[in-house]
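Participant: Handing you this structure, nothing more for now.
Every read-out reported here was derived from the displayed coordinates using simple, explicitly stated rules and does not represent laboratory data. Bear in mind the structure is a predicted one, so any value in this text is a computation, not a measurement. Glycine also receives a Cβ, built like all others from the backbone with ideal geometry; neighbour counts cover every protein chain displayed.
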Amino acid sequence: MAFNQVLDQKVVKKILSGALRKNLLASSYLFYGDQGTGKWAMALELAKAINCERDQKEACDVCSSCQKIDKMIHPDVKVIFPIPSARSEETNQKEIERFKKLKMANPYTIVRFERNVNIPVEQIRAMQREICLKPFEGKRKVIIIAEAENMHISSANSLLKILEEPPQDANLILTAHNPNKLLPTVISRCQQIRFGKIPSSIIEEKLMQDHHLKEEKASFYANISNGSYGKALDFLQQEKEVLRQDALNLLGMATEGKTSQIIQMVNQVLERWDRNSILEMFEIFGSLLRDIYMTQEGFSNKLINSDMRDHVLKLSEKFQRQNKVEHALQVIEQVRLNCQIRNASQKLGLLNLCLQLRALAKRDELCLI
Ligand SMILES: [Zn+2]
């Protein structure tokens, strides 16, 4: 049952399920509520339910239509979302792909942009032309306009014309976390559906289930995210960035620091991170070493940690001699397994790893703990 993939929002589900069952869908909806509460997730599920080939009044998730909508490649389901203004067509396309990729990975992701964004009038006009055509292969055309409050006044006026005379074979779904910025005439022509805060117990459970967080940590993120699963994911992502930076710093220290400095940094890392995070750190070490290998093989455009390219290049110089990176990867894997499966001390594991990496980076110097 696809609506079950949307967290909580019982009232919303009841309204939309009822409308689907009775064939009484509104031609235009406005889903509004805080960011990360499931508006986008529900818009996609509704588009799937409308077009599902199995006709169960909810998406089956397995038919060709449901799968195409999940991948955002269904010809009758169009998604429009804000993009940074005044950029080249090529950059716009990249932003669109980035948005889709992030939302496909997790519909609750809050996509951030470096610059101010808007929904250009050209996008609305193109949609206006298309919406009048018969569906290509689906039952109805569905247009989802995400973060619709970012429409230019000219875009909003163009949209208004569609809302005033909605085509028979189409549904529009607008989402907005700040509906006050929308034209009142746009709001009044949509059926408004409010997305409330998600109870923290549900966010906590989801974090434990999908991100394998311990109860205490999941509870912390659930409580500070104020009813938004998207924000909880945001906090988690920020924490992962700090963890990644710590891993890079430790790797740098391991290749050129003194033993006393390495011990000091390992102690700091162990104070800051819990057991699961340290295990994750081993995986980050692995990804950095793989990037070093790719750099040495001349594929520096294919790095996992592409934002850390300069650091990777610098580290790459430390592991110049043949087989050094492969050896370092073996060491990391061995220490990771010792800590994860054999429950070895993480402190000893990290120290051992750092000193072995230093030995590899500084030719074959013998290092003892
Ligand atoms: Zn289906």
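Participant: Could you derive backbone 3J(HN,Hα) for the stretch 145-151 from the dihedral phi with the Karplus parameters 6.51, -1.76 and 1.60 (θ = phi - 60°), listing whole Hz in sequence and x where the residue is Gly or Pro?
Facilitator: 10, 7, 6, 4, 5, 8, 6
Participant: If you don't mind, another one. Defining a contact as two alpha carbons under 8 Å apart and six or more residues distant in sequence, what relative contact order in percent does the stretch 231-361 show?
Facilitator: Relative contact order of the stretch 231-361: 32 percent.
Participant: How charged is the neighbourhood of residue 285? Take every other residue with its Cβ under 13 Å from the Cβ of residue 285, and add Lys/Arg as +1 and Asp/Glu as -1.
Facilitator: Cβ neighbours under 13 Å give a net charge of -2.
Participant: For the stretch 99-169, what mean projected area does the convex hull of the alpha carbons give, in nm²? Intermediate results must be reported in sequence, preceding the final value.
Facilitator: On the way: hull surface 23.7 nm².
Taking the Cα atoms of the stretch 99-169, their convex hull projects to 5.9 nm² on average.
Participant: Now a separate question. Give the angle, between 0 and 90 degrees and rounded to the nearest 10, that separates the Cα long axis of helix 324-340 from the longest principal axis of the Cα atoms of the chain.
Facilitator: Result, in degrees: 80.
Participant: Something else now. Quick check: from the Cα gyration tensor, does the stretch 2-196 come out rounded (a/c under 1.5), prolate or oblate? Can you show the working numbers first?
Facilitator: Details: a/c = 1.33, a/b = 1.27, b/c = 1.05.
In terms of gyration-tensor shape, rounded.
Participant: For the stretch 54-120, what relative contact order do you get, as a whole percent, if you take Cα pairs closer than 8 Å and at least 6 residues apart?
Facilitator: Values: 42 pairs, mean separation 22.0, N = 67.
Relative contact order, the stretch 54-120: 33 percent.
Participant: Something else about it: For the Cα atoms of the chain, what angle does the longest principal axis make with the long axis of helix 229-256, in degrees from 0 to 90, nearest 10?
Facilitator: It is inclined by approximately 20 degrees.
Participant: Same structure, new question: Using just the C-alpha positions of the stretch 201-253 as equal point scatterers, what log10 of I(q)/I(0) does the Debye formula give at each q in 0.19, 0.24, 0.25 1/Å?
Facilitator: Each listed q maps to, in turn, -0.61, -0.82, -0.86.
Participant: Sort the stretch 204-308 into rounded, prolate or oblate with this rule: let a ≥ b ≥ c be the square roots of the eigenvalues of the Cα gyration tensor; rounded if a/c is under 1.5, and if a/c is not under 1.5, prolate when a/b is larger than b/c, oblate otherwise. Could the numbers behind the result be given before it?
Facilitator: Working: a/c = 2.83, a/b = 1.52, b/c = 1.86.
Because a/c hits 1.5 or more and a/b fails to exceed b/c, the stretch 204-308 counts as oblate.
Participant: Let me ask something else about it. Can you give the % of DSSP beta bridges in the chain that are antiparallel, to the nearest 5?
Facilitator: On the way: 2 of 22 bridges.
Of those bridges, close to 10 percent are antiparallel.
Participant: Next up: Take residue 300 and residue 85, extend 7 Å from each Cα along the Cα→Cβ direction, and tell me the distance between the two endpoints in nm.
Facilitator: Distance between label points: 3.7 nm.
Participant: Could you give the distance between the Cα centres of the stretch 228-291 and the stretch 134-188, to the whole Å?
Facilitator: 44 Å
Participant: Separate question: Between the helical axis of 215-224 and the dominant principal axis of the chain, each derived from Cα atoms, what acute angle in degrees is found, rounded to the nearest 10?
Facilitator: 50 degrees
Participant: With the cut-off at 1.5 for a/c, could you classify the stretch 27-85 from its C-alpha gyration tensor as rounded, prolate or oblate? Walk me through the numbers before you get to the answer.
Facilitator: Working: a/c = 2.15, a/b = 1.52, b/c = 1.42.
Prolate shape, in that a/c is at least 1.5 and a/b is the bigger ratio.
Participant: Here is a further query. If you average 1/r over every pair of different alpha-carbon atoms in the stretch 258-348 and take one over that average, what Kirkwood value in Å do you get? Provide the component values of the computation, followed by the final result.
Facilitator: On the way: mean 1/r = 0.0702 Å⁻¹.
Hydrodynamic radius (Kirkwood, Cα pairs) of the stretch 258-348 is 14.2 Å.
Participant: Per residue and in cubic angstrom, what volume does the convex hull of the Cα atoms of the stretch 84-224 have?
Facilitator: 158 Å³
Participant: Also, quick follow-up: What residues qualify as long-range amide H neighbours of residue 191, i.e. H under 5 Å apart, gap of 5 or more or another chain, H built at 1.01 Å from N?
Facilitator: For residue 191, the qualifying residues are 28, 29, 30.
Participant: What are the semi-axes of the equivalent ellipsoid for the chain, taken as the square roots of 5 times the Cα gyration tensor eigenvalues, largest first, in whole Å?
Facilitator: Numbers: eigenvalues 466, 103, 64 Å².
Listed largest to smallest, the semi-axes of the chain are 48, 23, 18 Å.
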